[in-house]
1. Using a Gaussian network model of the chain whose springs link C-alpha atoms within less than 10 Å, name the residue from Ala92, Ala102, Ala22 with the highest mean-square fluctuation.
2. Based on alpha-carbon centroids, what's the gap between region 85-114 and region 119-147 in Å, whole number please?
3. Which ³J(HN,Hα) values, rounded to whole Hz and listed in residue order, are derived for region 110-127 from phi using the Karplus coefficients 6.51, -1.76 and 1.60 in 6.51 cos²θ - 1.76 cosθ + 1.60 with θ = phi - 60°, glycine and proline given as x?
4. Taking θ = phi - 60°, what integer Hz values does the Karplus form 6.51 cos²θ - 1.76 cosθ + 1.60 yield along region 19-27, in sequence order, with x for Gly and Pro?
5. Under a 10 Å cutoff between Cα atoms, tell me which one of Gln128, Gln55, Gln119 has the largest fluctuation in the Gaussian network model of the chain.
6. Could you order the peptides 132-140, 42-50 from most to least packed, using the average number of other C-beta atoms within 10 Å per residue?
7. When the Karplus curve 6.51 cos²θ - 1.76 cosθ + 1.60 is applied with θ = phi - 60°, which whole-Hz ³J(HN,Hα) does each residue of region 5-17 get, with x for Gly and Pro?
8. Between Glu46 and Lys101, what is the FRET efficiency for a Förster distance of 25 Å, r being their Cβ-Cβ separation, to the nearest 0.05?
Amino acid sequence: MAQVFISYTWDGKSAPRVHELAEKLEREDGVEIVFDRFVKDGGPDEGWTRWCEKQVESDKVLIVMTEAYRKRYEAEPALQELESGVYSTFEAHILRRRIAKARGNVPFCRVVLLDPADQRYIPDLIDQTHFLYPDRYHEMVGWIRDEAR
């Protein structure tokens, strides 16, 4: 089964639900999840920048799309000046480049929404199939496992 990286922004509202999603995928469905909160204390040996760069190239990537993530994806200058969110901005930048190189053909990437209202933040190049969590959880697992519809 594919290794799945979850890219998201760390904030008080969505972070606990993203952590719940990661644990559910790993524990209940046996999916190999790459998630920053699963990294040992003290951070990865290669440092967070290299770790992010490497994980964005995972077999499959789930992007938890929120307004904050979209701003990082668009690399708005005001956010670049913030001390928090540096790594999600870095991840989003690399993903944006990977998606652009694929010319919108992105079988490796899907968007996860925690709130249906966040659909408006999905960038055009990846505005294809998205999964609303928890409503479309089983479809997400099917995509990860490459199960036919």
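The values are calculated or read from the model by the stated rules, or taken from the named source; none is laboratory data. Everything numeric in this text was worked out from a predicted model, so none of it was measured. Positions of Cβ are backbone-derived with ideal geometry, glycine not excepted, and every protein chain shown enters the neighbour counts. Each accessible area value is taken on the protein alone, full model and side chains, heavy atoms only, with ligands, DNA and RNA left out. Shrake-Rupley method; radii C 1.70, N 1.55, O 1.52, S 1.80 Å.
1. Sorting by GNM fluctuation, first place goes to Ala102.
2. Their Cα centres are 13 Å away from one another.
3. Once rounded to whole Hz, the list reads 9, 9, 10, 10, 8, 9, x, 5, 6, 4, 5, 8, 5, x, 4, 5, 10, 7.
4. Each residue's phi maps through the Karplus curve to give 4, 4, 4, 4, 5, 5, 4, 6, 6 Hz.
5. Evaluated over the chain, the most mobile residue of the options is Gln128.
6. Numbers: 132-140: 16.0, 42-50: 11.0.
Per-residue mean Cβ counts within 10 Å order the peptides as 132-140, 42-50.
7. Coupling constants for region 5-17: 9, 10, 9, 7, 9, 7, 8, x, 7, 8, 4, x, 6 Hz.
8. Details: r = 23 Å, r/R0 = 0.94.
Efficiency computed from Cβ-Cβ geometry: 0.60.
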